[in-house]
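Here is the structure we will look at.
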Amino acid sequence: MGKIKTGKQMERHLKGMANHYRIEILLLVAEREGISLEDIVETLGANEKTLGEHTRRLHQAGLISKKYRGKFVEHALSPYGKTFVQFLKSFQRA
């Protein structure tokens with residue numbers, strides 16, 4: 001078992017996913033690891049700048065990682081992101 005997180009550390013992660021677009025992005029990245037921002041925009045049907053900002057915030061919160069491939073950025077879940085997706089899926093069914 002890992003180190004116990006402080007309240008401040010947990011707050012950073014929770015605030016990072018506290019938006020319906022961010023939740024949808026987390027679930028989408030869980031299904032399609034390596035997905036680009038362009039594919040996220042196409043799938044969710046929202047503004048590219050809006051979703052770009054939400055992916056930036058998810059990255060800042062430590063929930064997704066980004067890998068630069070030329071002009072594209074691939075998104076994947078971080079270990080914390082995987083934990084949050086498990087929580088979201090269980091909460092979805094509750």
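No value in this document is a laboratory result; all are computed from the given coordinates. Here the structure is a predicted model, which means the values were calculated and not measured. A quick note on method: Cβ atoms are made from the backbone with ideal geometry, for glycine too, and the neighbour counts reach across all protein chains shown.
Once the Cα atoms of helix 7-16 and of the chain are each reduced to a long axis, what angle between those two axes, in degrees from 0 to 90 to the nearest 10, is obtained?
Approximately 30 degrees, to the nearest 10.
Suppose we keep just the alpha-carbon trace of region 7-93; what are its Rg and Dmax in angstrom?
My reading of the Cα-based Rg and Dmax gives 12.1, 39 Å.
Quick check: pseudo-label points 7 Å beyond the Cα along Cα→Cβ at residue 46 and residue 72, how many nm apart are they?
In this crude label model, residue 46 to residue 72 measures out at 2.2 nm.
Using modelled backbone amide H atoms (1.01 Å from N, in-plane), which distant-in-sequence or interchain residues come within less than 5 Å of residue 64's amide H?
59, 78
Mind scanning 5/82; 66/89; 3/49; 3/67; 8/67 and naming the pairs with a C-alpha gap bigger than 25 Å?
With Cα atoms farther than 25 Å apart: 3/49; 3/67; 8/67.
Percent relative contact order of the chain, based on C-alpha pairs within less than 8 angstrom and at least six residues apart?
29 percent
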